[in-house]
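Chemist: Would you mind keeping the following structure in view while I ask a few things?
Bear in mind that the values in this text are calculations on the coordinates, not laboratory data. Not measured: the values here are computed from a predicted model. For neighbour counting, all protein chains shown are included, and Cβ atoms are generated from backbone atoms with ideal geometry for every residue, glycine included.
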Amino acid sequence: MISIENRFKSWLKGQGPKPPLGTWLMAAAPATAEAMGYSGFDFLVVDMEHVPIEVSDLAHILRAIGCTPADAVVRLAWNDQVLVKRVLDAGAQTIMLPFVQNAEETRQAVSFAKYPPEGVRGVAAVHRGSRFGRAADYLKRANEQVAVIVQLETPEAIERLPEIAAVPGIDALFVGPGDLAAAMGHIGNIAHPDVQGLIKKAAKMAQQAGKPVGIVGPNPDMVRRFIGYGYSYVAVASDIAMMTSRASEWLGALRGEAAPAVAAPAAAY
């Protein structure tokens, strides 16, 4: 029997001793995705919101990640029924929906990702998600294997975290620090004490709700701080950020110059 088991969802149901570590994929390149997958990350976020990745591109990137030990999390451009359907048919199993503000939008996200009677996902027999029809039990098992993550990116969404977390079918939450800082009047400054205070509060609220919660940080120091707050899974920077920062570091060393300051990459997430 061809397996369609979602390893990331299995982890979410039974958290290990250490939070999984991931990174963002901003290069929109299968080769880069594959390389990062072999670099030791537990998960890789394929960003279809801020990166010009179409569904046809996504399929190639997912194939590349599928060759590696890492799991793919696909962040869609919006909480949209058609986008969710197409991304799942392309082979995504864990999806993240941005800028979810309340329980009703959360219920919509779940319904878009589930076949009837649990949701409204359109049915097709042959696509990459069903292993081109070779996974004979796909239609019966897809609902239990798809993982749905909603992204909370405003103070209002954080305040509604308990009701959002209580929606049946939601597997995890994710706090977007860049947009959260912007919504709080501190755009580009996720280190601001007020922003950090709300980020810390969100982790505690998620723990009380019994729901895994993730976040992304621009560097290891910030990520360690988030882990200390109690975040369940954490991403650090992105493939592009790591590449450009290392390039600047090496060029600075060769030219005898200090590496130029790089804007915190988490501001874009």
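Chemist: Among 145-158, 50-63, what's the highest-first ranking by average C-beta atoms within 10 angstrom per residue? Please report the intermediate quantities before stating the final value.
Modeler: Working: 145-158: 22.0, 50-63: 16.5.
The densest-packed peptide leads the list: 145-158, 50-63.
Chemist: Going by average Cβ density within 10 Å per residue, which order do the peptides 91-99, 26-34 take, highest to lowest?
Modeler: Numbers: 91-99: 23.6, 26-34: 18.8.
Averaged packing, sorted descending, gives the order 91-99, 26-34.
Chemist: Which of the lysines could a cross-linker bridge to Lys114, judged by Cα under 28 Å and excluding same-chain residues fewer than eight apart?
Modeler: Partners found: Lys9, Lys13, Lys85, Lys140, Lys211.
Chemist: Region 7-268: percent of C-alpha pairs farther apart than 22 Å?
Modeler: On the way: 18779 of 34191 pairs.
Considering region 7-268, 55 percent of its Cα-Cα pairs are separated by more than 22 Å.
Chemist: With charges only on Cβ, +1 for K and R and -1 for D and E, what is the dipole size of the chain about its Cα centre, in debye, rounded to 20? Don't skip to the end; give the middle numbers.
Modeler: Numbers: 25 positive and 26 negative charges, 149 e Å.
The calculated dipole for the chain is roughly 720 debye.
Chemist: May I pose another question? So if R0 is 51 Å, what FRET efficiency would Phe132 and Asn189 give, r being the distance between their Cβ atoms, rounded to the nearest 0.05?
Modeler: Numbers: r = 47 Å, r/R0 = 0.92.
The pair Phe132/Asn189 has a calculated efficiency of 0.60.
Chemist: What percent does the relative contact order of region 7-268 come to when contacts are Cα pairs within less than 8 Å and at least six residues apart?
Modeler: On the way: 500 pairs, mean separation 46.0, N = 262.
Worked out over region 7-268, it gives 18 percent.
Chemist: Pick from Val87, Val123, Val100 the residue whose mean-square fluctuation is largest in a GNM of the chain, springs joining Cα atoms under 10 Å.
Modeler: Sorting by GNM fluctuation, first place goes to Val123.
Chemist: Moving on. Around Leu152, which amide H atoms from residues at least 5 apart in sequence, or from another chain, sit under 5 Å from its own amide H, with H modelled in the peptide plane?
Modeler: Here Phe174, Val175, Gly176 satisfy the definition.
Chemist: Return the aspartates and glutamates within reach of Lys18: Cα separation strictly under 14 angstrom, same-chain partners fewer than 8 residues apart disregarded; answer none if there are no such residues.
Modeler: Asp42
Chemist: Something else: Would you grab the residues whose amide H sits under 5 Å from the one on Val73? Only those 5+ places off in sequence or on another chain, please, with H modelled 1.01 Å from N.
Modeler: Leu44, Val45, Val46
Chemist: Starting at the first residue of region 96-101, write each ³J(HN,Hα) from the Karplus equation 6.51 cos²θ - 1.76 cosθ + 1.60 with θ = phi - 60°, in whole Hz, x for Gly and Pro.
Modeler: Going residue by residue, I get 10, 9, x, 6, 8, 10 Hz, with x marking Gly and Pro.
Chemist: Now, a different point. Which log10 I(q)/I(0) values, to two decimals, does region 117-269 give at q = 0.10, 0.12, 0.14, 0.17 Å⁻¹ under the Debye formula with one point per Cα?
Modeler: Debye intensities relative to I(0), on a log10 scale: -0.50, -0.66, -0.80, -0.96.
Chemist: Also: When DSSP beta bridges are limited to those with both residues in the chain, what percentage is antiparallel, rounded to the nearest 5?
Modeler: Working: 0 of 29 bridges.
If I count the DSSP bridges inside the chain, around 0 percent turn out antiparallel.
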